[in-house]
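This report refers to the structure that appears directly beneath it.
Values quoted throughout were computed directly from the atomic coordinates according to the rules given, and no laboratory measurement underlies them. This is a predicted model, so every value here is computed, not measured. Here the Cβ is made from the backbone with ideal geometry for all residues, glycine too, and neighbour counts use every protein chain on show.
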Amino acid sequence: MKAYVDKDTCIGCGLCPSICPEVFEMDDDGKAVAYNEDVSEGLVDSAKEAEESCPVAAITVE
């Protein structure tokens with residue numbers, strides 16, 4: 001699976017790295033980034049939780 005963050009939509013709330021720090025982090029611009037785009041099987045549930053928790057739906061995990 002792959003994780004993506006739409007930086008144009010992201011508001012920089014920091015929720016995704018707090019839920020799944022193995023995949024998401026905050027970039028220098030204050031927006032989230034999927035620094036580990038290839039989501040391993042063991043991280044799918046937490047990456048999906050971050051996707052579902054994003055208040056502006058900026059995350060896609062597929």
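Summary of values
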item: Close pairs from segment 12-34: first closer than 11 Å to Ser53 by Cβ and in contact (Cβ under 8 Å) with a residue 40 or more places away in the chain, partner small (Gly, Ala, Ser) and surrounded by fewer than 17 Cβ atoms within 10 Å (Cβ to Cβ), Cβ under 6 Å, at least 6 apart; result: Leu15/Ser53
item: Subset of segment 4-24 (residues that are among the aliphatic types (A, V, I, L, M) and either over 11 Å from Ala58 (Cβ atoms) or in a loop (DSSP other than H, G, I, E, B) (or both)); result: Ile11, Ile19, Val23
item: Residue match in segment 25-48 (condition: surrounded by 15 or more Cβ atoms within 10 Å (Cβ to Cβ), part of a helix (DSSP H, G or I) and of a type in the set (D, E, K, R)); result: yes
